[in-house]
Amino acid sequence: MIQWGSAPRRPLVRQPAAVLALLWLVLVGLGAGLAPSLAPHGAVAADTDRGLQPPGMGGPLGTDLLGRDVLARLLWGGRWTLGMGALALAVDVGLGLPLGLVAGTLGGWVEAALMRLVDALLAFPGLLLAMAVVALLGAGTGSVAVAVGLATAPAYARVARSAAREVRAQPYVDAARAVGCTPWRILVRHVLPNAAGPLVAFAATQLGWVLLNGAALNFLGLGVRPGIPEWGAMLAEGRAYLRDGPWVSTFPGLVLTLTVLAANVVGDGLQEALRPH
Amino acid sequence: MTARYVGRRLLQSAFVLWLAATLAFVAVQLTPGDPAQALLAASGATSDEIAERRAQLGLDDPFPVQYVRYLLDLTQGDLGRSWLHGRKVARMILEQLPPTAALALAATVVGVFMGLSLGVLAALRPSTWLDTVATTVAVLGLSVPTYWSGMLAIFLFSLRLGWLPATGEGTLRHLILPAAVLGFGFSGSVARLVRARVVEVMEEPFVLAARARGLPSRRVVFVHVLRAALAPALTVVALQFGFLLGGAVVTESVFARRGLGKLAVEAILWRDLPVVRGVVVCGALVYVLVNLAADLAHAWLDPRLRAGADADVRL
């Protein structure tokens with residue numbers, strides 16, 4: 001039977017997929033955070049006698065060409081991948097949120113000018129824009145994180161501006177303005193709290209994007225130094241011996257995919273739960 | 001389609017392109033470092049030779065002069081010269097364009113086909129298992145890094161099964177795996193928005209009216225709803241084209257294909273900024289053109305959109 005109506009809003013705890021996704025994110029975060037205790041020998045201890053051993057024989061997830069334990073590298077690498085993702089998200093929200101909120105709250109020529117700027121930035125394909133910023137800043141870990149955050153900030157600004165505009169159209173904002181509230185006060189006391197829901201949801205989705213594209217830039221060799229176990233970089237290393245040692249790239253790929261998937265699912269769930277009504 | 005609407009959209013696109021090109025120019029100008037010095041210092045050039053190269057590259061002229069020259073060159077399709085190779089950037093890009101374009105187009109076809117199928121399937125029975133499965137596949141497409149799914153595809157179809165080549169380009173067989181991998185990544189965004197749109201459309205009065213007239217459900221869906229949902233799907237494809245262009249870069253690296261990806265990565269590692277700038281400006285150009293075409297097509301298909309904010313809607 002085709003359903004012709006629409007589904008009702010569901011809070012996050014009633015969405016099993018979102019809860020599972022959140023648990024995964026916590027798990028991955030803990031793994032990366034506790035890396036020194038869980039893998040005390042570090043991620044770079046090479047032992048070429050035990051090179052390229054499959055899971056079971058050479059450690060729970062196998063070893064790579066240089067005999068380094070894949071699980072240990074995954075755990076330590078999580079610090080790099082997740083750390084870069086967090087920095088990128090901070091840049092993204094730190095730039096996009098004020099830009100969008102100010103544009104949406106003030107309106108008029110300020111909004112028009114800022115949004116034209118955002119449109120121009122959005123004309124550049126996301127990954128290419130990030131790559132260009134890396135070119136300007138010089139390849140490296142920090143550059144990649146900042147670049148990915150910068151590349152996605154315009155999208156966040158757009159969402160923040162729509163959210164602010166919706167709040168601005170509400171009668172209580174008119175009332176506040178009539179009473180003599182300054183635009184700043186309106187922004188802080190009315191726009192921000194009421195726009196928070198969709199903005200938080202979108203930030204979760206953005207996390208998926210920055211993780212994916214940050215790792216992509218590391219995969220291409222534009223980010224971390226060779227040998228650093230960032231997940232994207234691990235994929236690039238593992239590609240060289242895909243036939244003989246598929247586990248070296250499979251596990252970082254799987255963990256990265258699941259983490260991005262989890263961020264997207266949590267974002268979707270939050271959007272569903274925090275939908276303004 | 002009114003000439004006024006077309007004119008307005010053309011003007012908008014031109015403005016965005018101009019602004020994007022200007023941002024690209026300013027970004028390169030603001031980057032510290034003297035390209036002439038970087039180029040020649042390694043080969044032990046004298047400061048006179050370096051100064052001469054600077055003048056040759058036009059780097060001594062005042063900012064406004066360089067800017068106007070840059071814009072005029074752009075209108076003639078001149079993207080400057082590579083600092084690393086000295087060749088014209090436009091020529092370098094054109095040489096690497098065909099394999100990348102082939103990949104992007106093939107991936108678009110795959111992605112649209114998959115995305116439409118998944119989106120419609122999910123929307124037909126929202127919140128049932130069918131919806132969940134189709135939506136999950138779509139979200140997977142969004143989440144799986146193309147560089148990993150590419151490696152998985154190589155491992156399975158090339159190394160283990162031996163059906164398709166792992167690397168290289170030139171024949172259609174070489175295109176299948178990369179296009180499928182990139183298309184799958186693309187299908188996720190298409191599927192989600194198609195689903196949302198079809199769910200919306202299913203609630204509209206004309207659909208209820210069609211059912212009330214006693215038309216069988218399947219016919220109602222396939223004829224009426226699909227037609228109405230197709231127009232926004234076009235816009236989605238256009239908006240997500242940026243992903244395709246960026247994704248092609250990464251996919252080329254995984255499958256060791258020649259193309260713009262290799263050109264761009266090399267340029268970045270060597271900080272050959274004119275090439276990088278040329279690639280992103282071309283990317284912006286393609287994106288703006290694709291979106292313009294989609295908007296015009298969309299307006300042609302759905303008259304309600306041509307009205308704009310200042311006209312009333314006549315159905």
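The values are calculated or read from the model by the stated rules, or taken from the named source; none is laboratory data. Because the structure is predicted, anything quoted here is derived from the model rather than measured. Cβ coordinates were reconstructed from backbone atoms using ideal geometry, including for glycine residues, and neighbour counts include every protein chain displayed.
At-a-glance table
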item	result
Selected residue [under 23 Å from A:Asn264 (Cβ atoms) and surrounded by fewer than 24 Cβ atoms within 10 Å (Cβ to Cβ)] from A:Gly149, A:Gly197, A:Gly214, A:Gly140	A:Gly197
Total residues in segment B:132-165, condition in contact (Cβ under 8 Å) with a residue 12 or more places away in the chain and assigned to a helix (DSSP H, G or I)	18
Residue check for A:Leu199: at pLDDT 90 or above, more than 14 Å from chain B (Cβ to nearest Cβ) and assigned to a helix (DSSP H, G or I)	yes
Sole residue being farther than 30 Å from A:Pro183 by Cα and in contact (Cβ under 8 Å) with a residue 60 or more places away in the chain, chosen from A:Ala153, A:Ala123, A:Ala145	A:Ala145
Residue ID - nearest to B:Gly185 (Cα to Cα), chosen from residues in segment B:262-277 that are under 19 Å from the mean Cα position of the chain (by Cα) and more than 8 Å from chain A (Cβ to nearest Cβ)	B:Lys262
Residue in segment A:120-141 that is within 20 Å of A:Leu95 (Cβ to Cβ) and more than 14 Å from chain B (Cβ to nearest Cβ) present	yes
Residues (part of a loop (DSSP other than H, G, I, E, B), in contact with a Gly (Cβ under 7 Å, 6 or more places away or on another chain) and surrounded by 17 or more Cβ atoms within 10 Å (Cβ to Cβ)) located in segment A:47-63	A:Leu52, A:Gln53
Residue within segment B:53-65 that is more than 14 Å from chain A (Cβ to nearest Cβ), modelled with pLDDT of 85 or more and assigned to a helix (DSSP H, G or I) present	yes
Odd one out for B:Ala231 among (1) within 14 Å of another protein chain (Cβ to nearest Cβ); (2) at pLDDT below 70	(1)
Meets criteria (outside any helix (DSSP H, G or I) and either of a type in the set (D, E, K, R) or more than 14 Å from chain B (Cβ to nearest Cβ) (or both)) for A:Arg275	yes
Scan of segment A:224-262 for residues that are of a type in the set (Gly, Ala, Ser) and either in contact with a Phe, Trp or Tyr (Cβ under 9 Å, 6 or more places away or on another chain) or closer than 22 Å to B:Gly141 by Cβ (or both), ordered by number	A:Gly232, A:Ala233, A:Ala236, A:Gly238, A:Ser249, A:Gly253, A:Ala262
Within segment A:171-184, tally of residues that are among the charged types (D, E, K, R) and either exposed (fewer than 14 other Cβ atoms within 10 Å of the Cβ) or in contact (Cβ under 8 Å) with a residue 40 or more places away in the chain (or both)	1
Complete set of residues in segment B:79-97 that are of a type in the set (A, V, I, L, M, F, W, C) and in a loop (DSSP other than H, G, I, E, B)	B:Leu79, B:Trp83, B:Leu84
